[in-house]
1. Can you tell me, using C-alpha contacts under 8 Å and at least 6 residues apart, the relative contact order of segment 217-257 as a whole percent?
2. According to the square roots a ≥ b ≥ c of the eigenvalues of the Cα gyration tensor, what is the shape class of segment 108-186, taking rounded for a/c under 1.5, prolate for a/b larger than b/c otherwise, and oblate for the remainder?
3. Would you mind getting me the FRET efficiency between E122 and D146? Use the beta-carbon distance for r and R0 = 30 Å, nearest 0.05.
4. Can you tell which of N179, N170, N126 shows the greatest fluctuation in a Gaussian network model of the chain with Cα springs below 10 Å?
5. Placing +1 on the Cβ of each Lys and Arg and -1 on the Cβ of each Asp and Glu in segment 145-257, which of G166, S232, A181 has its Cα farthest towards the positive end of the resulting dipole?
6. Taking the Cβ-Cβ separation of D52 and S176 as r and a Förster radius of 41 Å, what is the calculated FRET efficiency to the nearest 0.05?
7. May I ask you to give the percent of accessible area on the chain that is carbon plus sulfur, with a probe radius of 1.4 Å?
8. What accessible surface, in Å², does a 1.4 Å probe find on W257, ignoring ligands, DNA and RNA and rounding to the nearest 10?
Amino acid sequence: MTFYKYQGTGNDFVIVDNRLQFIDKKDTKRIATICDRRFGIGADGFILLENDENVDFKMVYYNADGNESTMCGNGGRCIVAFAKFLNIIENETEFIAIDGLHKAKIEEGLVHLQMQEVSEIESFDNHLFLDTGSPHHVELVSGLADFEVKSNGARIRNGAPYNEAGSNVNFVEQLSAENFAVRTYERGVEDETLSCGTGVTAVALAMHKSGKTKADKISLQTQGGPLNVTFSTNDNGYDNIWLIGPAEQVFKGEIEW
Ligand SMILES: N[C@@H](CCC[C@H](N)C(=O)O)C(=O)O
């Protein structure tokens, strides 16, 4: 099997062209081993690019634990760069993922990925919860650089109300009016990752909803580099939401499937 390794602000993925449908998608153990950083290639997620009847391609996303999961924003940006590499698209595309149709474009080396509209953001005393294609708990903390993301993230991800189904957990510190630092504990990786695309999208909307910012273009500093999120507001919530950042092919290799 030929595989490609991509990274988007340090969130890394093994991506395979599965247009000929040769991958056994039920082989959870194999996918988990491929993502294992010691016994495999190593990645936060495994992504298949497949044919679709109506749009340019289909994205199928698996977490590092080998289970198919909900939307991955950074993976979405990486698969757009991969589709361009395969000459399936030029600089604009529409593709389908588990949460529906996505538009995307490549401009000045950055991948702009349109996310689904968000109408519900739940606010609690010390956090917000919303779904940006994947579920996200968003909590402001102070001293983010020294914050224990893994232990606190695991406790929140596994505790009520999320329990077994879980949630991704984003810890946030405001840096200026429209600039936030974010560190994310990812469900299905069960660790902090260097960046989470649906996570920073959730943070941008949650910070706007809670009045921490009035901006509709928000910069998010992840451990793996900067991302931007832009959006519009409407009577129901947020639409025209775009996640913007780099996506890079790191290497290509061959392994036995
Ligand atoms: N890294 C992703 C999120 C991937 C899905 C997540 N781990 C989940 O299972 O909810 C991103 O960039 O959005």
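The values are calculated or read from the model by the stated rules, or taken from the named source; none is laboratory data. Every value quoted in this text rests on a predicted model; they were computed, and no experiment measured them. Virtual Cβ from ideal backbone geometry, glycine too; neighbours counted across all protein chains shown. Just the protein is used for accessible areas: all its heavy atoms, side chains included, with ligands, DNA and RNA removed. Shrake-Rupley method; radii C 1.70, N 1.55, O 1.52, S 1.80 Å.
1. 27
2. oblate
3. Values: r = 28 Å, r/R0 = 0.95.
That pair, E122 with D146, gives E of 0.60.
4. In this elastic network of the chain, the residue with the biggest mean-square fluctuation among N179, N170, N126 is N126.
5. S232
6. After rounding, the FRET efficiency stands at 0.50.
7. Heavy-atom surface of the chain belonging to carbon and sulfur, 1.4 Å probe: 44 percent.
8. Rounded to the nearest 10, the figure is 70 Å².
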